[in-house]
Structures are given as C-alpha cells and as structure tokens.
Amino acid sequence: MRKIILSVAPVAAAVVLAMPANATVIDFDNLAGYTSGAYHEDGYVLSANFYHSATGRAIEAMAPGSSIDPTGISVVKASGAGVTFTLAREDGGAFEFGSMDFGKLKVETGPIYTASSTYKFIFTLADGVGTQVEKFFTFNHDRSTPITAHTAMFDGLGAITQFTFRGQSSPGQFDNIVLREIAPVPEPATWAMMIGGFALAGGALRRRRVALRMA
C-alpha cells in the first residue's frame with residue numbers, strides 16, 4: 001500500500017503567527033542604572049512630560065521600608081506633581097493592558113491621614129483612528145506596614161497603541177505593569193499559503209481513501 005507523506009509546515013507557521021504572545025511585566029529591575037530621560041525595558045518605553053531639573057529623573061526607586069515590593073528595588077514613584085507618564089512599545093506596535101500595581105508613598109503614623117489616591121488613565125485604541133478611552137483607578141490608603149499594593153485592571157479595552165496615567169490627588173508609587181503583545185495579523189500571502197496547505201491536506205486524504213478502497 002502506498003504511503004502519502006504530507007508536509008504541513010506552511011499551516012503550522014500560519015497558526016503560530018496567529019497565536020498571542022506571552023505577557024510582559026515591566027518591573028523596573030533595571031532602574032538601578034537609570035539616570036535621565038525615558039525608561040526602556042523589554043521593548044517598551046515609559047516617558048514623562050516632566051523631568052527634575054537637577055537629576056533629570058521623572059521616576060526613582062522607593063526605599064525598602066516604604067515599598068510595595070518586599071525587596072524594595074523595583075518600585076518607582078513620580079518625582080514631581082502632575083507628572084503624566086506615557087507607555088508604548090518601542091516599535092510602535094499594538095498591545096493589551098493587563099494590570100498595574102499602585103500604593104501610597106509612606107506609612108502614616110498620625111492624623112491627618114490621607115484617605116485615598118486616584119489615577120487617571122487614557123488608553124489610545126488600535127482601531128485605526130486613535131480613539132481614546134478614559135479610565136480612573138482609586139485605591140484606599142492603609143496605615144499598616146508593609147504598605148499594601150493595589151492592582152488596577154480594566155476590562156474590555158482590547159488592543160491599544162499606548163496609554164498615559166497621571167495622579168489626580170495624593171501621589172503614589174507604582175510597579176509591575178503587565179502587558180500583552182498582539183501577534184501580527186498574517187499577510188495575504190500567508191493566508192494563501194495556509195489555505196493552500198489545508199487544500200493540499202484535504203486532497204491527500206481523499207487520495208488516501210481512494211487508495212485504501214482499491215487496495
């Protein structure tokens with residue numbers, strides 16, 4: 001009986017292209033070498049509309065005793081009132097927002113206690129026209145130590161090209177920005193290769209059934 005060997009490499013390649021990439025976490029572990037300008041990590045860039053005149057910094061590491069990270073090395077805070085941060089992929093590609101951690105700056109040991117902090121987000125959708133969606137995240141302060149991390153999550157945003165965030169009240173610290181890259185849409189030639197692969201597979205199966213009946 002004749003065996004038919006079918007190559008499915010084109011099909012597999014097209015399927016891989018359509019699969020979503022793993023999540024990326026911007027954890028600021030590279031902040032130790034940060035001196036000035038925008039911050040880069042894992043293919044993303046975080047820029048600001050304000051930088052300190054002396055240090056050139058818009059973000060800085062928190063002290064371990066006031067950090068929402070137990071190690072105290074990868075948490076940052078804004079070094080200026082009203083700083084607006086913008087985060088985007090370095091290659092300009094689309095991605096999805098997963099989550100982001102916030103916390104207050106210090107343990108409050110006496111009145112008047114700060115009640116909460118609010119951050120405003122503006123997401124630019126990857127819809128071809130740059131539609132912007134506003135979201136707000138408010139977290140309540142606590143007087144305990146260590147300082148609690150509060151996670152901001154927004155459902156239903158879909159693919160975006162960038163987002164900004166800015167404190168609307170008392171300042172806070174932030175860390176662990178979870179992002180998901182969007183896999184590129186296969187080109188027409190790739191789709192044609194995939195369809196051709198399925199057609200080839202179907203034809204091979206039909207020929208095999210005919211060969212089996214004739215055997």
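Structure notes:
- Counting charges near Glu90 (Lys, Arg +1; Asp, Glu -1) among other residues having Cβ under 14 Å from its Cβ returns a value of -3.
- When peptides 61-68, 89-96 are sorted by average Cβ neighbour count within 10 Å, with the highest value leading, the order is 61-68, 89-96.
- Positive contributions from Lys and Arg (+1) and negative ones from Asp and Glu (-1), summed over other residues with Cβ under 14 Å from the Cβ of Ile122, come out at +2.
- A quarter of the convex hull surface defined by the alpha-carbon atoms of region 70-119 gives 5.8 nm² as the mean projection.
- Per residue, the convex hull around the alpha carbon atoms of region 15-149 comes to 148 Å³.
Laboratory data are not the source of any read-out in this text; all were calculated from the coordinates shown. None of the values given here were measured: they were computed from a predicted structure. In this analysis, Cβ positions are derived from the backbone assuming ideal geometry, glycine residues included, and neighbour counts consider all displayed protein chains.
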